[in-house]
Amino acid sequence: LEGAEGIDIVMDSLQGPYFQPAFDRLARGGRHLVFGAASMTPPGKSPNWLRLAWQWLFRPSVDPLDIIAKNRSVMGFNLIWMWDKEDEMSGMLEEMMSGVDWRPPHVGKTFPFDSAPEAMSYFQSGASTGKVVLLV
């Protein structure tokens, strides 16, 4: 959401070249929430180690003094480490879902369950848009 001063909150699942421009547009008190690094996910069946090394070496970084001076924050979130916090997560989910007209996610392509390897190849190809769904 962008106000007169800039963006109030960025929910970043990509990082890469999008991190810094989004961070630079944060308003005072703005928050940049990082919950993924899709820009580092290699397309195809095997990683390009040289490309990954380059991305790792030149990944975004933020100076803590700059965060203080500009009154901004960067937060990281990894849902996998919240598996034992069911009560806390349920409350947050209920709060998040209330009062908002959430639309179902876009399903780009569906596959029968026995075609899971093909579904994974399609997902890894980078050609997918929306969700890739296995039908059980």
**Study point:** Residues (in contact with a Pro (Cβ under 9 Å, 6 or more places away or on another chain) and farther than 18 Å from Lys45 by Cα) located in region 91-135
**Key:** Gly130, Lys131, Leu134, Leu135
Exercise for review: Hey, could you check region 71-91 for residues that are without any contact (Cβ under 8 Å) to a residue 40 or more places away in the chain and of a type in the set (D, E, K, R) and say which is surrounded by the most Cβ atoms within 10 Å (Cβ to Cβ)?
Suggested key: Lys85
**Study point:** Search result, residues across region 27-41 that are open to solvent by less than 40 Å² (accessible area, probe 1.4 Å) and either among the β-branched types (Val, Ile, Thr) or in contact (Cβ under 8 Å) with a residue 60 or more places away in the chain (or both)
**Key:** Val34
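Quick grid of which residues meet (1) under 22 Å from Val34 (Cα atoms); (2) assigned to a loop (DSSP other than H, G, I, E, B):
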| position | (1), (2) |
| --- | --- |
| Ile80 | yes, no |
| Met89 | yes, no |
| Met96 | yes, no |
| Arg103 | no, yes |
| Ala119 | no, no |
| Ala127 | no, yes |
Point to revise | Pairs where the first residue, in region 92-118, is surrounded by fewer than 10 Cβ atoms within 10 Å (Cβ to Cβ) and the second is assigned to a loop (DSSP other than H, G, I, E, B), C-beta under 7 Å, 6+ apart | key: Pro105/Gly130; His106/Gly130; Phe113/Val136
Check your understanding: When region 29-78 is examined, which residues are found to be assigned to a helix (DSSP H, G or I), touching a Gly at 6+ places or on another chain (Cβ under 9 Å) and closer than 21 Å to Gly126 by Cβ?
Key -> Ala38, Ser39, Met40, Gln55
Revision key, fill the gap. The one condition Lys109 fails out of (1) in a helix (DSSP H, G or I); (2) at pLDDT 90 or above is (1)
Practice item. Specify the residue that is least open to solvent (accessible area, probe 1.4 Å); the eligible residues are those in region 1-25 that are assigned to a strand (DSSP E or B) and over 29 Å from Ala53 (Cβ atoms). Key: Ile7
Review point. Which residues, taken from region 49-70, are of a type in the set (S, T, N, Q) and open to solvent by 80 Å² or more (accessible area, probe 1.4 Å)?
Key: Ser61
Exercise for review: Could you tell me whether region 70-88 includes any residue that is in contact with a Ser or Thr (Cβ under 9 Å, 6 or more places away or on another chain), of a type outside the set (Gly, Ala, Ser) and farther than 28 Å from Pro21 by Cβ?
Suggested key: no
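The values are calculated or read from the model by the stated rules, or taken from the named source; none is laboratory data. Since the structure is predicted, the reported quantities are computational estimates derived from the model, not experimental observations. Cβ: placed from backbone, ideal geometry, glycine included. Neighbour counts: every protein chain shown. Note: accessible area is taken over every heavy atom of the protein model, side chains too, but ligands, DNA and RNA are not part of it. Shrake-Rupley method; radii C 1.70, N 1.55, O 1.52, S 1.80 Å.
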